[in-house]
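The values are calculated or read from the model by the stated rules, or taken from the named source; none is laboratory data. Since the model is a prediction, treat every value here as computed from it, not as a measurement. Quick reminder, even Gly has a Cβ in these numbers, built from the backbone with ideal geometry, and neighbours come from all protein chains shown. The area values use the complete protein model at the heavy-atom level, side chains included, leaving out ligands, DNA and RNA. Shrake-Rupley method; radii C 1.70, N 1.55, O 1.52, S 1.80 Å.
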Amino acid sequence: MARSIAAAAETPRGEYALAVVERESAELVGFGRPALDPHQQGGATLGFALRPRSWGAGYGVEMVRLLLGFGFDDLRPHRIWGARSPRNEASARTVAADGMVEEGVIREHVLKGGVRRDSVVQAILDREGHAATQGRTAGD
């Protein structure tokens, strides 16, 4: 939280922490995070999470579509990428539905619960992202 607050005050701003809210109830159901990647020239990263009770309702695809649109329009990178657990097939389907392509595996990338696990990288290029998000808005 402290990092997100500090990032919001930076100029120029390179990271955003965004809430995902259910329209009718205004209930917080998740978050998304587009950010410039300081380790990759012309790159940005994308991360998101939804509460389990919100899975399967279409929030993920809509959220990723909007995050990609925002990322390409506002951060203006050449490439946006994200990493996921190899076991998270729902995330794989979600980002693939918005045009992200599986690129490969980062071996033993994450240490979780004292155990190292791989991460699968999925990415989209600016020319692909603009085509995938063109004309789409929240609620489509």
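For segment 84-128: of the residues being among the charged types (D, E, K, R), open to solvent by 90 Å² or more (accessible area, probe 1.4 Å) and in a strand (DSSP E or B), which is nearest to L50 (Cα to Cα)? Within segment 84-128, the match that is nearest to L50 (Cα to Cα) is K112.
Scanning segment 39-76 for residues that are farther than 20 Å from V120 by Cα, surrounded by fewer than 17 Cβ atoms within 10 Å (Cβ to Cβ) and at pLDDT 90 or above turns up Q41, G42, R51, P52, F70, D73, D74, R76.
Just one residue in the set A26, A7 is of a type in the set (A, V, I, L, M), assigned to a helix (DSSP H, G or I) and either loosely packed, with under 13 Cβ neighbours inside 10 Å or without any contact (Cβ under 8 Å) to a residue 40 or more places away in the chain (or both); that residue is A7. The test for being farther than 19 Å from E128 by Cβ, part of a strand (DSSP E or B) and modelled with pLDDT of 95 or more does not hold for R33.
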